[in-house]
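Structure first, commentary second.
Just so it is clear, none of the values below were taken in a lab; they were calculated from the coordinates. Predicted model, so just to flag it, every value in this text is computed and none were measured. We place every Cβ from the backbone using ideal geometry, glycine too, and count neighbours over all the protein chains shown.
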Amino acid sequence: MRLRLKKNGRLFGVAGFLLLSVFLFFSLVNSLASKETSKDPKSAGQLSPGIAAEESVVTENKSTASDRAESQENEVKTEQGLEWGGYLWVDHRAFTRSPRHYSFKEYRLELRTEARTEKTRLASTLWLRSLGFSSVKSSADLFVREKIVPVEMEIREAYFDLYGFIFPWLDLRIGRQRIAWGTADRVNPTDNLNPDDLEDIWDFGRHLGSDALKATAYFGPVTLTGVFVPSFTPASPPLPDWAEALMPPVEISGFNIVNWRNEIILPENNLKSSAIAGLKLKTNFRGYDFSLSYVRGRDDLPLLRDILMEKVSGQEVEVLTRLVYPRLDILGFDLAGALGSVGLWAEGAIFFPERVVGQTVFPVPGYGLISQPRTVLNNKAYAKFVMGADYTFPSGIYLNGQWAHGFLHERGASELGDYFLFNLEWRLLRDKLKIIPLAGCIQISEWRDLKNNLALIFVPSFEYHPAANAEIAGGVRILDGRGASFSRIKNRDEIFLRFKYSF
Amino acid sequence: MDRGKKTKKGLPGPWGLSWSWIFAGIIILLLILLLALWATHVFPAQLLSADEILKKVDEVVNAPKDRQARIKVIIIDSQGKQEIREMVNYQKGVDRRLVKFTSPAEHRGIGFLSLPNEVMYLYLPAYGRTRRIASHVKNTKFAGTDFTYEDMEAVRYSEKWTGQWLKEEGGHYVIELKPKPETRTQYARMVMWVRAENFYPTRVELYDRANRLMKLLTLEKIEKIGPYWTSRQMTMEDLKERRKTILELQEIKFDVGLSDDIFTERFLMR
């Protein structure tokens, strides 16, 4: 499984070529089939009148069927003009352990607009929000509006669709968009085209939009999707109070860091270094949906490459760290279906990282500064996967369980932990009230020493809909453990209360 | 004298009967025949078994090749408070259905696609992807209404249920339905009132596994639209929780030739 840097490029080329061949093959087959049908448009009419009506739907020219489907949909759908909607989201959290200060505050106004014609659709999602608290520290800050009321605007999505672009079986989406791949719940090893949005660490699964071109071709039960993202965007990291859960603090044994600076080295802003591309082939077989995907991308979480220390005095050092975003080739697979009445899904990906060699510069008494190269990421492939199931009991209780091997911040086979995610919901009062008494995750980072490599996240909560479009939710988040990455934030237990109004 | 008597009474009919008796007999026979014809028209099931009635129900209820409609959903709780939802519905045959919510805002854009062999997808716009859902949801309420996913299925009763004749009542046949061994359902039995005139069901009592009457489905405003009988209003009453959901079908169109492309994830996500 060892894969060198150059081989990554070859793999990309070979896989790309194979998938392109498949795409072209299906295009050819489909266009030939269309020609065959168009040669004899009356063939369906030769059947008996009763059957002909049914058969004509099946045998008619694919383009006619697609066009008709679109016009039929638009006929019943709402008007073609501009539609808008959205929601107001208010989220307050506070730590329950001393010091019991507020931990998070967000006022978010999401505005969604949509305009349609028969063959096109324009959609956008805008966030206007106030995140965090006043950060006034001096009287001068009182004259900086953003320090009093932090406000920001973000274009989450803004794209347009072209349905039946050139060919009736081809849809195109251009612009900032979310490209959600994978069948698992929120933990998706194959979902690597959009950068992770970890700002709110508890809303994992959230991603930023990518400025991309997505083409989707539909050939009966087979769907082929190609995505091209011209430039790289890094992930949005967790807020400082929770960052340790995913990013361990930098510690240098024997030295006391008095000044720590860091540099983020983004990939060169050109097609070769910055672009991300992906292909996905989806079909179904015997009642199960399957897909196979390939992404030539980048790790969107930074990797610590260089540590440059400069002695100040005694054991005190100044440190400069450099972080990079390594190249990744990702081969993914997912499936979804049912066994009896139990819903099942599985999703996995093999990651082929590039080898990253960094340097550590440290002071050695009598020798000055010594530079030592070190491999910070080797090019050994590793696999992450998720398996899950869900079921609704006749009493209305919904149970969802997943086992994830490897979380989004983990790299390399030896680093991957196991995560058992569970969610039990009980809907009452005709879905007005949802009680979630059991929800959370158990993280095991090392099975051989469970006691010292375990973390527990337990989040009992409720959701209440007092009126149409209104939602009140609340709960507590209890964290505990030792050794595992989430145990680093075990003192961040919190209580939360949310309000949402959709319009 | 004899001749004079014969002249007075007229010619004797066959078998020595007078013609007036023969005419009276013919008229009575015709009346009986007409009565029989009327009776077989109005109560044809007297000649049909309960299973055959079910087949007739299937033929009538599932007669259209496809249907598209707007549906207004009125949810009424035990205190009479109302909640209104709206959706568009496309249906082809008995095993392809696509539903999209258009209001209220919190549900707008949510879509549900049901395909043959219990393949179902849910589309939640907030997640930007479809989600495959298994048949365990069949017992659960559809979008907070009193209809479960199973109730919302277009079904061929005769394929999943066995009928048993109970009685005739006010121009209706009353039959009992019990699930066939291979049928997976939340109900232990149903009692169905079928209008004798057109084989359209008007009332269905739904019993749970403890044989308690749990829900009552009433089909009202039954009209003939084109060649098809259809109910414009369906009410599902939850007798235990004393609440109900009314589905009002608006802008109904039949046999518009809905393409198979409508019943795909591609369209569900649009």
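Some points to look at:
- Test item: B:115-128 mean partner chain Cβ contacts at 10 Å: 3
- About its Cα centre, region A:234-382 has a charge dipole of approximately 600 debye under the convention of +1 per Lys or Arg Cβ and -1 per Asp or Glu Cβ, with nothing else charged.
- Region A:345-423: radius of gyration and largest Cα-Cα distance (Dmax), Å: 21.0, 76
- The string of couplings for region B:206-216 from the Karplus curve (6.51, -1.76, 1.60, θ = phi - 60°) is 10, 10, 7, 5, 8, 6, 9, 5, 9, 9, 10 Hz, one whole number per residue in order, with x for Gly and Pro.
- Relative contact order (%) - region A:167-273, alpha-carbon pairs under 8 angstrom, separation at least six: 24 percent
- Pairs of alpha carbons in region A:244-303 whose separation is greater than 13 Å (percent): 78 percent
- Note on the protein assembly as shown: helix-only mean residue ellipticity at 222 nm, from DSSP H runs of 4+ residues weighted -39500 (n - 2.57) and normalised by residue number, equals -5000 deg cm²/dmol.
- Whole-Hz Karplus values for region A:276-282 come out as 10, 9, x, 9, 9, 10, 10 Hz, taken residue by residue from phi with 6.51 cos²θ - 1.76 cosθ + 1.60 and θ = phi - 60°; glycine and proline positions read x.
- Mean partner shielding of peptide B:102-111, defined as the number of other chain Cβ atoms within 10 Å of each residue Cβ, is 5.
- Dipole magnitude (debye, nearest 20) for region B:116-173, charges at Cβ of Lys, Arg, Asp, Glu: 420 debye
- Kirkwood-based shape ratio for region B:23-112, expressed as Rg/Rh from alpha carbons: 1.32
- Once backbone amide H atoms are built at 1.01 Å from N, B:ASP146 has B:THR245 as its partners under 5 Å, excluding neighbours fewer than 5 places away on the same chain.
- Inverse mean reciprocal Cα-Cα distance (Kirkwood Rh) of region A:275-356, Å: 16.2 Å
- In whole percents, the pair-distance distribution calculated for region B:72-117 from its alpha-carbon pairs, binned every 10 Å from zero, is 26, 40, 27, 8.
- Amide proton proximity set for B:ILE110, modelled H, under 5 Å, gap of 5+: B:PHE101
- 16 Å reach of a label modelled at A:ALA158, 7 Å along Cα-to-Cβ, counting backbone N of region A:178-205: A:178
- Span-like helix check, chain B: qualifying full DSSP H segments, with Cα axial length of 30 Å or more and mean Kyte-Doolittle of -0.5 or more, are B:19-42.
- Residues with amide H under 5 Å from that of A:GLY86, placed H, sequence gap 5 or more: A:ARG112, A:PHE503
- Taking all pairs of distinct alpha-carbon atoms in region B:188-270, Kirkwood radius in angstrom: 15.2 Å
- Value of Rg to Rh for chain B (Rh from inverse mean 1/r over Cα pairs, i.e. Kirkwood): 1.23
- Projected onto its three principal axes, the C-alpha set of the protein assembly as shown covers 167, 63, 56 Å, listed from the longest axis down.
- Taking the charge dipole of the protein assembly as shown about its Cα centre, with +1 at Lys and Arg Cβ atoms and -1 at Asp and Glu Cβ atoms, the residue from B:TYR200, B:TYR121, A:TRP242 reaching farthest to the positive side is B:TYR200.
- Karplus 3J(HN,Hα) series, Hz, for region A:177-189 with 6.51 cos²θ - 1.76 cosθ + 1.60 (x for Gly, Pro): 8, 9, 10, 8, 10, x, 10, 7, 8, 6, 9, 10, x
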